Amino acid sequence: MADTIGGSRGTVSATEFAEAGLHLDVGGGLATITLNRPERRNAMTFATWSALAEIGAGLPPDVRVVVLRGAGPSFSAGVDLRMFQPEGVPGQGSFPALARLDDAEFDQMIAAAQEGFTWLRRPDVVSVAAVQGHAIGAGFQLALACDLRVLAADARLCMKEPTLGLVPDLTGTKPLVDAVGYARALEICLTGRVVGAEEARELGLAELVVPGDGLTEAVRDLCAALLATDRDTATATKRLLQGAAGRTLTEQAACERREQVARMKALFGAGRPGA
Ligand code: CAA
């Protein structure tokens, strides 16, 4: 367990992570972030998202794989529903109070929350969501923020925000559309229906579905395989694949050449260790 983690926003202690409903373990190139409020089905608040952003900003440089998991029966039941009440969550405010902010201030708050999600796609780490039970709203979006998703057979994904009069705003809409296409994404969001694990795999929302008691082991095996690949090679490959959809074939081919020249020089060129 990392007692503290230092990021661009300062140093965060294990106690502060705990108060935000998170637990962090770092070791062997792996960071495991546990959503750790099982008695509330790992419901999240702005403090959770801020702590996630801190973890991203202060990630030790040897971490290459990040696992997001939930304690207890659910991955996450999404935002803490007390936020919808005027009294809100102690120390966290409430949506009715936030709605009184001016637009720029409110935009900034959401942008800060989104930072808890976006770093999970940075090229030098691979992020894996290990999902059991419910992943609702912000919980579904957190799973979508990860590069890879391993689902237990009982996983139940639900984009509930439109049912509550809100849009999904924690960076989930793009990976959802990228994975399932516009029409299916629209149907999933506007109906607020549950997508089970098998359907999620068929739709490309899960790389792997395993029996519930096999989730930890399956994620452990996946992480070991990811960690076995050379870091610089993994980073370059992720960069290539991430940009592929936005490039023409000609542009992508040029990027492949550029990355390969750098790899070959690192592996075989003058100046490499032992050359
Ligand atoms: N916020 C706060 N508390 C929650 C919670 C949430 N999102 N979800 C569950 N809990 C609490 C329950 O109130 C309950 O507390 P008590 O024991 O004190 O009564 C405890 O967690 C256990 O919940 P359940 O008994 O309901 O557990 P379950 O296993 O039968 O059901 C569940 C699990 C299907 C996730 C159900 O709890 C549920 O539907 N929760 C609400 C989900 C939801 O609507 N989330 C908001 C989505 S929108 C979003 O996330 C994005 C946004 O920004 C708006």
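At a probe radius of 1.4 angstrom, the accessible area of the stretch 4-227 per residue rounds to 43 square angstrom.
Counted by Cβ distance under 14 Å from Gln141, the other residues give a net charge of 0, where Lys and Arg count +1 and Asp and Glu count -1.
The GNM of the chain, with springs linking C-alpha atoms under 10 angstrom apart, assigns the highest mean-square fluctuation among Thr45, Thr118, Thr15 to Thr15. Reported to the nearest whole Å, the Cα centre-to-centre distance from the stretch 187-266 to the stretch 51-105 is 25. Mind running the shape call on the stretch 134-263? Use the C-alpha gyration tensor, a ≥ b ≥ c as the square roots of the eigenvalues: rounded below 1.5 for a/c, prolate if a/b tops b/c, oblate otherwise. Because a/c hits 1.5 or more and a/b fails to exceed b/c, the stretch 134-263 counts as oblate. Normalising by the residue count of the chain, find the relative contact order in percent from Cα pairs under 8 Å and 6+ residues apart. Once normalised by length, the contact order is 14 percent. Note on Gln92/Ser13: beta-carbon distance plugged into 1/(1 + (r/R0)^6) with R0 of 22 Å gives a FRET efficiency of 0.75. Projecting label points 7 angstrom from Cα along Cα→Cβ for Ala179 and Asp102 puts them 3.8 nm apart. Placing a label point 7 Å from the Cα of Phe84 along the Cα-to-Cβ line, the residues of the stretch 161-197 whose backbone N sits under 12 Å from it are 161-166.
A simple count of charges around Ala71, restricted to other residues whose Cβ falls under 14 Å of its Cβ and scoring Lys, Arg +1 and Asp, Glu -1, yields +2. Ligands, DNA and RNA left out, the 1.4 Å accessible surface of the chain is 57% carbon and sulfur atoms. Taking only alpha carbon atoms, the stretch 4-227 gives an Rg to Rh ratio of 0.95, where Rh is the Kirkwood radius. Taking the Cα centre of the stretch 19-106 as origin and assigning +1 to Lys and Arg Cβ atoms and -1 to Asp and Glu Cβ atoms, the resulting dipole is close to 360 debye. Note on surface exposure: Thr191, Thr48 rank Thr191, Thr48 by accessible area, highest first, 1.4 Å probe. For Lys160, the lysines whose Cα comes closer than 22 Å to its Cα, not counting residues fewer than 8 places off in the same chain, are Lys174. Using a simple spin-label model with pseudo-atoms 7 Å out from Cα toward Cβ, Arg272 and Leu249 lie 3.1 nm apart. Among Phe268, Phe17, Phe46, the order of accessible area from largest down is Phe268, Phe46, Phe17, computed with a 1.4 Å probe on protein heavy atoms. Using just its DSSP H runs of length 4 or more, each adding -39500 (n - 2.57), the chain gives a mean residue ellipticity at 222 nm of -13000 deg cm²/dmol after division by all residues.
Phi angles across the stretch 158-165 convert, under the Karplus curve 6.51 cos²θ - 1.76 cosθ + 1.60 with θ = phi - 60°, into 3J(HN,Hα) values of 8, 8, 8, 3, x, 4, 9, x Hz, Gly and Pro given as x. Helices meeting the span-like rule in the chain (full DSSP H runs, Cα extent of at least 18 Å along the helix axis, mean Kyte-Doolittle score of -1.0 or higher): 103-118, 215-228, 231-244, 249-268. Restricting attention to the stretch 4-227, close to 35% of DSSP beta bridges with both partner residues there are antiparallel.
Cross-link reach is defined here as a Cα-Cα straight distance under 22 Å, omitting same-chain residues fewer than 8 places apart; for Lys265 the lysines meeting it are Lys238. Springs join every pair of Cα atoms under 10 Å in this Gaussian network model of the chain, and among Leu68, Leu164, Leu176 the largest mean-square fluctuation is at Leu164.
Local charge for Val131 was computed over the other residues whose Cβ lies under 12 Å away, with Lys and Arg +1 and Asp and Glu -1, and equals +2. Over the stretch 192-275, the ratio between the Cα radius of gyration and 2.2 N^0.38 Å evaluates to 1.55. Apply 1/(1 + (r/R0)^6) to the Cβ-Cβ distance of Ala228 and Ala111, taking R0 = 45 Å, and write down the FRET efficiency to the nearest 0.05. My answer for the efficiency is 0.80.
The values are calculated or read from the model by the stated rules, or taken from the named source; none is laboratory data. What you see is a predicted model, and the numbers here were worked out from it, not measured in a lab. A quick note on method: Cβ atoms are made from the backbone with ideal geometry, for glycine too, and the neighbour counts reach across all protein chains shown. Note: accessible area is taken over every heavy atom of the protein model, side chains too, but ligands, DNA and RNA are not part of it. Shrake-Rupley method; radii C 1.70, N 1.55, O 1.52, S 1.80 Å.
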